[in-house]
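So the structure is just underneath, and the comments pick up after that.
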Amino acid sequence: MPMSFRTYFRTKVAVIIDCFEIFIKRPFNLKAPCQTWSNYKHNNTDKYLIDVTPQGVISFISNGYGGRASDKTTTETCSILDKLVPGDVILAAREFDIQDSVGTMSAQVYKPAFTRGNPTKNANMF
C-alpha cells in the first residue's frame, strides 16, 4: 500500500473506481441511439466501469453500457459491489452516488472534497 494511502486511509482502500466512455458510430437501430447518447460527451458512446487497486493494477472492467447510463447505475448493476468485504473503502469521483449500495456491503465510499477555484484547498483531496 503506498504511503499516501496509508496516511489518510490506513490499509482499508480496496479500489479506486471511475467510468470511462468510448466513442462509437451512431447506431442505425431507432432505439439504440437514444440509449448510447452521452450528454457528457455529446456523442454516442459505450460506458465502462474500471477499478484500480492502490498499487495501480487494473482489477476490474465492467461490460459495456450505453453512454446514457449513469455512473451509479453502471456501478450497481455490474458485479463490482459483490467483491467488497466489510470494512473496505472505495475511492470514487463526486458523481458516484453509491453510498447506500456500498453501505449494504458494510463498506465506505470516499469522494474528493474539491473546492472550486481554490487550489490550496485541493491539495488535501480526501
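Go ahead and estimate [θ] at 222 nm for the chain from helices alone: -39,500 (n - 2.57) per DSSP H run with n ≥ 4, summed, over the residue count, rounded to 500.
The helix contribution divided over the chain gives -4500 deg cm²/dmol.
Between segment 1-60 and segment 71-101, what is the C-alpha centre distance in whole Å?
Each part's Cα centre sits 12 Å from the other's.
Extent of the chain along each principal axis, from alpha carbon coordinates, in Å, largest to smallest?
So the three principal-axis extents are 51, 37, 26 Å.
Considering only protein heavy atoms, with the full assembly of protein chains and a 1.4 angstrom probe, order Val52, Val57, Val13 by accessible area, largest first. Write out the running numbers ahead of the final one.
Details: Val52 40, Val57 85, Val13 10 Å².
The ranking, largest first, comes out as Val57, Val52, Val13.
Find out how many positive minus negative residues lie around Pro2, taking Lys and Arg as positive, Asp and Glu as negative, among other residues whose Cβ is under 14 Å from that of Pro2.
Net local charge, Pro2 excluded: +3.
Send over a whole-number figure in Å² for the accessible area per residue of segment 11-116, probe 1.4 Å.
Numbers: 6470 Å² over 106 residues.
Result: 61 Å² per residue.
Using each residue's phi in segment 54-63, evaluate 6.51 cos²θ - 1.76 cosθ + 1.60 at θ = phi - 60° and report the 3J(HN,Hα) Karplus result to the nearest Hz, with x for Gly and Pro.
Rounded to whole hertz, the list is x, 7, x, 8, 6, 10, 6, 9, 6, 5.
Computing the accessible area with a 1.4 Å probe over protein heavy atoms, can you report the carbon and sulfur percentage for the chain?
In the chain, the share of accessible area belonging to carbon and sulfur is 54 percent.
Largest first, what is the accessible-area ranking of Asp46, Asp97 with a 1.4 Å probe?
Asp97, Asp46
Rounded to the nearest 5, what % of the DSSP beta bridges within the chain are antiparallel ones?
The antiparallel fraction comes to roughly 70 percent.
Charges only on Cβ, +1 for Lys and Arg, -1 for Asp and Glu: so what's the dipole of the chain about the Cα centre, in debye to the nearest 20?
340
Per-residue accessible area for Leu81 at 1.4 Å probe radius, Å² rounded to 10?
Accessible area, nearest 10 Å²: 20 Å².
FRET efficiency for His42 and Glu76, Cβ-Cβ distance as r, R0 = 35 Å, nearest 0.05?
With a Förster radius of 35 Å, E is 0.90.
Would you kindly give the portion of the calculated P(r) for segment 1-52 that falls above 18 Å, as a percent of all Cα pairs?
So the pairs more than 18 Å apart make up 51 percent of the total in segment 1-52.
What list of ³J(HN,Hα) couplings, whole Hz, do you get for segment 80-95 from phi and the Karplus terms 6.51, -1.76, 1.60, once you set θ to phi - 60° and write x for glycine and proline?
With coefficients 6.51, -1.76 and 1.60, one gets 5, 5, 5, 8, 6, 10, x, x, 5, 10, 10, 9, 9, 6, 4, 6 Hz.
Calculated FRET efficiency, Cys34 and Thr7, Cβ-Cβ r, R0 30 Å, to nearest 0.05?
So the FRET efficiency works out to roughly 0.10.
The values are calculated or read from the model by the stated rules, or taken from the named source; none is laboratory data. The structure displayed is predicted, hence computed values, not measured ones. When we count neighbours, we look across all protein chains shown, and the Cβ atoms used for this are built from the backbone with ideal geometry, even at glycine. Accessible surface areas use protein heavy atoms only, side chains included; no ligands, DNA or RNA. Shrake-Rupley method; radii C 1.70, N 1.55, O 1.52, S 1.80 Å.
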